[in-house]
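The values are calculated or read from the model by the stated rules, or taken from the named source; none is laboratory data. Source: prediction; values computed, not measured. All Cβ positions, even for glycine, are placed from backbone atoms using ideal geometry, and neighbour counts span all protein chains on display. All accessible areas refer to the heavy atoms of the entire protein, side chains included, with ligands and DNA or RNA removed. Shrake-Rupley method; radii C 1.70, N 1.55, O 1.52, S 1.80 Å.
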Amino acid sequence: MPVTENALSEKIFKEKPILKKSVLKRSFYERDTSLVAKDLLGKILITVSCDADIQIKNEFCAGMIVEDEAYYGLNDPASHACNGPTPRSNIMFETPGITYVYFCYGNHWLLNAVTEKFGIPGAVLIRAIEPIYGTSIMSYRRSTNRLENLTNGPGKLTQAFGIKRDFNGRDLTDTESPVFIIDGSGFKNPYLQVSKKEIVSRPRIGIKNGTDKLLRFYIKDNKFVSKK
DNA sequence: ACCACGATGAACT
DNA sequence: GTTCATCGTGGTC
């Protein structure tokens, strides 16, 4: 199934009222982190580039979230908040619905959505996305034309979507934000309707501790999931 | 001040 | 399957 750079895309960018109606509200994020993680599958992430360089200013990228992981606080040994707040993990205790973007392995920026009530740490790591719009920009940023290789990993998708340090602490519930998430159902995109999301739950990956619980979620059989 | 390591990805064999 | 580049963070001294 080819990517749908189609009428949906035009609506996303030109019909601001629809955008504002479709954007996920703060109450969506102010819940148990695993519930938020499961409900984020099938939702649409949108970024607006603010790259200082080159010709990709004010360009949109959009894609469907197909894989993510839940991270909690004190009782979660894999969480950055497991020892309480630090300069880095402070933001996990903050207002739900904002981003937590951090630098990993010396190369990569990873995108999280902050969850739970203010003061309770929690975040959902966005691990994989299925591109919907902006693939030429994604290809440019990723230095590859292979569609399946653009956004099938947490570090890959941030590179493709232009998410870096300055995307930390941004409001995902604001359509004027450089990054926000909408419920795509309002766009009546047949392609998205086809993906009746069957959610698979597995242990989180890439961590040593905290693999006992099933906190990784992905859409069954979606080819953009980072690893089966 | 020091240092081990990581919510990864790419390039290998 | 393997190795390794890369550097911010946080724990320890």
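Would you check if A:LEU41 is touching a residue at least 24 places away in the same chain (Cβ under 8 Å) and away from DNA strand C (no atom under 13 Å from the Cβ)? Considered against the rule, which asks whether it is touching a residue at least 24 places away in the same chain (Cβ under 8 Å) and away from DNA strand C (no atom under 13 Å from the Cβ), A:LEU41 comes out as yes. Give the residue that is surrounded by the most Cβ atoms within 10 Å (Cβ to Cβ), with candidates limited to residues of the range A:92-111 that are more than 13 Å from DNA strand C (Cβ to nearest atom) and in a strand (DSSP E or B). Looking at residues that are more than 13 Å from DNA strand C (Cβ to nearest atom) and in a strand (DSSP E or B), I get A:LEU111.
So which residues in the range A:75-91 are open to solvent by less than 30 Å² (accessible area, probe 1.4 Å), more than 10 Å from DNA strand C (Cβ to nearest atom) and not acidic (Asp, Glu)? A:ALA78, A:SER79 - these are the residues of the range A:75-91 that are open to solvent by less than 30 Å² (accessible area, probe 1.4 Å), more than 10 Å from DNA strand C (Cβ to nearest atom) and not acidic (Asp, Glu). The set of residues from the range A:89-141 being over 15 Å from the mean Cα position of the chain (by Cα), farther than 18 Å from A:LEU74 by Cα and among the charged types (D, E, K, R) comprises just one member, A:ARG141. Residues that are of a type in the set (Val, Ile, Thr) and open to solvent by 40 Å² or more (accessible area, probe 1.4 Å) within the range A:116-130 comprise just one, A:ILE120. Can you tell me which residue in the range A:170-212 is nearest to A:SER27 (Cα to Cα), limited to those that are at pLDDT below 90 and among the aromatic types (Phe, Trp, Tyr)? Here the residue is A:PHE187. The residues listed here are A:GLY84, A:GLY63, A:GLY119; of these, the one that is part of a loop (DSSP other than H, G, I, E, B) and within 16 Å of DNA strand B (Cβ to nearest atom) is A:GLY84.
Would you mind stating whether A:TYR71 is near DNA strand C (Cβ under 8 Å from one of its atoms) and within 18 Å of the chain's Cα centre (by Cα)? No: the conditions fail for A:TYR71.
Here are the criteria: (1) open to solvent by 50 Å² or more (accessible area, probe 1.4 Å); (2) touching a helix residue (DSSP H, G or I) at 6+ places or on another chain (Cβ under 7 Å). Tell me which single one A:LYS164 does not satisfy. Evaluating A:LYS164 over (1) open to solvent by 50 Å² or more (accessible area, probe 1.4 Å); (2) touching a helix residue (DSSP H, G or I) at 6+ places or on another chain (Cβ under 7 Å) leaves (2) as the failure. Only a single criterion out of (1) within 15 Å of the chain's Cα centre (by Cα); (2) within 16 Å of DNA strand B (Cβ to nearest atom); (3) open to solvent by 50 Å² or more (accessible area, probe 1.4 Å) is not satisfied by A:LEU45, namely (3). Residues of the range A:133-160 that are assigned to a helix (DSSP H, G or I), under 22 Å from A:GLY206 (Cα atoms) and not polar (S, T, N, Q): A:ARG142, A:GLU148, A:PRO154, A:GLY155, A:LYS156, A:LEU157, A:ALA160.
When the residues of the range A:131-159 are narrowed to those that are open to solvent by less than 50 Å² (accessible area, probe 1.4 Å) and more than 21 Å from A:ASN58 (Cα to Cα), which ends up farthest from DNA strand C (Cβ to nearest atom)? Within the range A:131-159, the match that is farthest from DNA strand C (Cβ to nearest atom) is A:LEU147.
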